[in-house]
Amino acid sequence: MKKPLVNVVGLGYIGLPTAMMMASHGVNVIGTDFKKSLVDTLNSGKMTFQEDGIDELFQKALASGIKFSTEYQKADVYIICVATPYDKDTKRVDASFVVAAVKNVLEVCDKGSIVVVESTVPPGTMDKYVRPVLDLYGFIDGQDIHLVHAPERIIPGNMVRELEDNSRTIGADDPAIGEKVKEIYKSFCKGDIEVTDIRTAEMTKVVENTYRDINIAFANELLKICRSDNLDVYEIIRIANKHPRVNILSPGPGVGGHCISVDPWFLVGDYPELANMVRMARHTNDGMPDYVLERVYALLRAHKLTPDRVGFYGLTYKEDVDDVRDSPALQLVELMHQRLAGTPKCFDPMLTTEIIEGQYLDFDKFLNDIDVLVVMVRHQHLKQNVDKIKGKIILDTRKCPFDFQESNVVTLL
Ligand code: SAJ
């Protein structure tokens, strides 16, 4: 049987690793992105972002013949991995990128093609936004074009391993089509692959991220409760988690990234009367940068220092990634900037270019200019350079799993 040609559309954090993984496991893959500069970079043999193991995967994919183009291809299977932002006011999904990608596919594809949407979408999106497009182009849904929803599950920071190891979900109208798509994912995925219907797949994905958001919000609420009553939240969570059915996540300065801080809003937007706990959790996590700022000011008062002596370590949304989308640290710096005449100082070893005012690119210079170091992100770099942080007052919002110097005064969030 002829090997199917797969056109992966959207070569960002999800689409690119997925395309490369498929290619390096023998699938015929062409990756498409409308950003010419991105496609040019890939075609010149350079990766577009950093991740553990991603360079090796890129080399393997190139050796296996992966191609990159700005043009949509005539293919058997399309895998759409474009962004699905939400409207900040209505909290509803903005499916315009997915719809635009599907339209572009329908311009070039033959009858019989399978269109897989990997982008995270709230339940009902495929019915409300994607199906009507088929009709618009004169294709009969389920006969000329087969729709599938196969939401991604990989975690930035460990994408390559999780692509191979995680179980995944494939939602299809026709189980036989679901099985065909499963065969493609099985080329590299060692986890279970569940074939179900499209609405169930949509809901499952959003539920997974919402579950994590609510769990983190619980940890953050516990942090505030314990702080108000002089209890050690980290010790309490550690002991509580010894219970076989308790697994509380870690409190921190907020929830960023393009997934967990976004997906729960899809439920709030679609079920405003019903998704109450989901909404509360979002507000709790969104309020954390404000809480950290209060703690910073309390620390400054206690040590009789001025805000210009504070520096924020870590601007990305979490450790060891270079992604700053919805980063709590950036929100905090912005908040402080609004309340302060000057510009807050900050540093992130994962960022090699200046993205905001007040950002240092040199760690030593940064340390020279501050007395209070607020650890917003626990990058490996901090552990490796802990000997440089002499005599600083530290506000550790992440409870770093290593010792600072004896000369440091360390306060936990
Ligand atoms: N965070 C905490 N405390 C924790 C864990 C995380 O404050 O105990 C914060 C992080 O610092 C970060 C944010 O939450 O700011 C989100 O980070 P994350 O590592 O929990 O998740 P993401 O957004 O990088 O990836 C999530 C994952 N979903 C789940 O774990 C259910 C991933 O599997 C999904 O593929 C991804 O969302 C996605 O794209 O949907």
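The values are calculated or read from the model by the stated rules, or taken from the named source; none is laboratory data. Small disclaimer: the values here were computed from a predicted structure and weren't measured. Cβ placement follows ideal geometry from the backbone for every residue including glycine, while neighbour counts extend to all protein chains displayed.
Can you confirm whether region 119-137 contains a residue that is closer than 17 Å to Leu11 by Cα and in contact with a Phe, Trp or Tyr (Cβ under 7 Å, 6 or more places away or on another chain)?
Taking region 119-137 first, the residues closer than 17 Å to Leu11 by Cα are 119-120.
Going one step further and asking which of them are in contact with a Phe, Trp or Tyr (Cβ under 7 Å, 6 or more places away or on another chain), we end up with none.
Checked against the condition, which is being closer than 17 Å to Leu11 by Cα and in contact with a Phe, Trp or Tyr (Cβ under 7 Å, 6 or more places away or on another chain), region 119-137 yields no hits at all.
Taking Lys128, is it part of a helix (DSSP H, G or I) and either over 30 Å from Lys399 (Cβ atoms) or within 14 Å of the ligand (Cβ to nearest atom) (or both)?
Values: part of a helix (DSSP H, G or I): yes; either over 30 Å from Lys399 (Cβ atoms) or within 14 Å of the ligand (Cβ to nearest atom) (or both): yes.
The answer is yes for Lys128.
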Being out of contact with any Leu (no Cβ under 8 Å at 6 or more places or on another chain), modelled with pLDDT of 95 or more and of a type in the set (Asp, Glu) is the filter here; which residues of region 32-70 pass it? Asp40, Asp55, Glu56
Quick one: what pairs do we get from region 196-218, first residue part of a loop (DSSP other than H, G, I, E, B), second modelled with pLDDT of 95 or more, C-beta under 6 Å, 6+ apart or different chains? Asp197/Gly171
Report whether or not Gly358 is at positive phi, buried (at least 19 other Cβ atoms within 10 Å of the Cβ) and in contact with a helix residue (DSSP H, G or I) (Cβ under 8 Å, 6 or more places away or on another chain). no
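Sort out which residues of region 359-383 are in a helix (DSSP H, G or I) and touching an Asp or Glu at 6+ places or on another chain (Cβ under 7 Å), and write them in order of number.
Step one: filter region 359-383 for residues in a helix (DSSP H, G or I), giving 363-368, 380-383.
If the condition is that a residue be in a helix (DSSP H, G or I) and touching an Asp or Glu at 6+ places or on another chain (Cβ under 7 Å), then Gln380 is the only one that fits.
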Residue, farthest from the chain's Cα centre (by Cα), within region 131-154, restricted to residues that are within 18 Å of Gly178 (Cα to Cα) and within 16 Å of the ligand (Cβ to nearest atom): His149
For region 221-277, enumerate the residues that are more than 30 Å from Leu299 (Cβ to Cβ) and of a type in the set (Val, Ile, Thr). Val246, Val262, Val268
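So which of Gly10, Gly31 is surrounded by 21 or more Cβ atoms within 10 Å (Cβ to Cβ), within 16 Å of the ligand (Cβ to nearest atom) and either in the same structural domain as Leu134 (by TED's automatic domain parsing) or small (Gly, Ala, Ser) (or both)?
Details: Gly31 fails: within 16 Å of the ligand (Cβ to nearest atom).
Criteria check complete, one pass: Gly10.
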Hey, which of the helices (runs of 4 or more DSSP H) in region 222-334, taking only ones fully inside, have at least 3 residues that are within 16 Å of the ligand (Cβ to nearest atom) and touching a residue at least 24 places away in the same chain (Cβ under 8 Å)? 263-270, 276-286, 288-302
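Mind listing whichever residues of region 67-116 are assigned to a helix (DSSP H, G or I) and among the hydrophobic types (A, V, I, L, M, F, W, C)? Can you show your working first?
Filtering region 67-116 down to residues assigned to a helix (DSSP H, G or I) leaves 96-108.
Phe97, Val98, Val99, Ala100, Ala101, Val102, Val105, Leu106, Val108 - these are the residues of region 67-116 that are assigned to a helix (DSSP H, G or I) and among the hydrophobic types (A, V, I, L, M, F, W, C).
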